[in-house]
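Everything on this sheet refers to the single structure shown next.
The values are calculated or read from the model by the stated rules, or taken from the named source; none is laboratory data. What you see is a predicted model, and the numbers here were worked out from it, not measured in a lab. Glycine gets a Cβ as well: all are built from the backbone with ideal geometry, and neighbour counts include every protein chain shown. SASA here: full protein model, heavy atoms, side chains in, ligands and nucleic acids out. Shrake-Rupley method; radii C 1.70, N 1.55, O 1.52, S 1.80 Å.
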Amino acid sequence: MFNDEEKVFYVTIDDKEVEMEVLFTFEPAKDYPGYEGRKYVVYFNPNVSEDEQVLYCCRYDEKGNLFEVTEEEEWNMVDEVVNTFYSEDGDDE
């Protein structure tokens, strides 16, 4: 559904639309019971300095609708996947 060339539009509390860039998407493996079949997109604001950068993550469905990650266990799984992404990305250097 999403790829690293796509954008995600985030609406702030004060109804401002912010264009975000997709970093990567993933579907949890069997290593994460209870999350199989779910799809996630990790994205960031490209207009923020690297020092202030924050990663965001949402679940999404086949229509591209985004759903907030709210459970602590689910965030822990997302953190593990993001950390693995960065550790594998650094192996190429």
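Report, by residue number, each residue of the stretch 44-66 that is loosely packed, with under 12 Cβ neighbours inside 10 Å and part of a strand (DSSP E or B).
Hits for the stretch 44-66: nothing passes.
Would you mention how many residues in the stretch 22-43 are in contact with a strand residue (DSSP E or B) (Cβ under 6 Å, 6 or more places away or on another chain) and surrounded by 15 or more Cβ atoms within 10 Å (Cβ to Cβ)?
11
Which of (1) among the acidic types (D, E); (2) out of contact with any Lys or Arg (no Cβ under 7 Å at 6 or more places or on another chain); (3) open to solvent by 40 Å² or more (accessible area, probe 1.4 Å); (4) more than 16 Å from E80 (Cβ to Cβ) is the odd one out, the single condition E19 does not satisfy?
(2)
In the stretch 67-79, how many are free of Cβ contacts under 8 Å to residues at least 40 places away in the same chain and either open to solvent by less than 70 Å² (accessible area, probe 1.4 Å) or in contact with a Ser or Thr (Cβ under 7 Å, 6 or more places away or on another chain) (or both)?
3
Would you mind stating whether V22 is assigned to a strand (DSSP E or B) and out of contact with any Asp or Glu (no Cβ under 6 Å at 6 or more places or on another chain)?
no
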